[in-house]
Amino acid sequence: MIVEQEAGALMKYRDALGIDDKIVFDKLVLLAKNHAPACAHAKGLNLLESMLLAIVLEQQKVIERINPQEYLGT
């Protein structure tokens, strides 16, 4: 899978992280993998940009679940 290839390229970055950050990093990569089809179809973006958008999308969903009143009607 192409997202896994990009995630593999980020492993040196991951290796430099502390243990707590590695755990969070792995969760973020998993979020990006869940959006692999969208990442593959984002022709105007490179793969890393697509992965970052997928992560931001998932984080925004969490924010809206935590504070739904802030986002009603938008």
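Given the condition assigned to a helix (DSSP H, G or I) and among the polar types (S, T, N, Q), answer yes or no: does some residue in the stretch 3-16 qualify?
Within the stretch 3-16, one or more residues are assigned to a helix (DSSP H, G or I) and among the polar types (S, T, N, Q).
Name the residues in the stretch 10-29 that are over 17 Å from LEU57 (Cα atoms) and of a type in the set (A, V, I, L, M), would you?
If the condition is that a residue be over 17 Å from LEU57 (Cα atoms) and of a type in the set (A, V, I, L, M), then LEU10, MET11, ALA16, LEU17, ILE19, ILE23 are the ones that fit.
What are the residues in the stretch 44-58 that are outside any loop (DSSP other than H, G, I, E, B) and either of a type in the set (A, V, I, L, M) or touching a residue at least 12 places away in the same chain (Cβ under 8 Å) (or both), if any?
Passing the criteria: LEU47, LEU48, SER50, MET51, LEU52, LEU53, ALA54, ILE55, VAL56, LEU57, GLU58.
Only the coordinates and a few stated rules stand behind these numbers; no lab work does. Nothing here was measured: the structure is a model prediction, and the numbers come from that model. Neighbour counts are summed over all protein chains in view; Cβ atoms, including those assigned to glycine, are modelled from backbone coordinates with ideal geometry.
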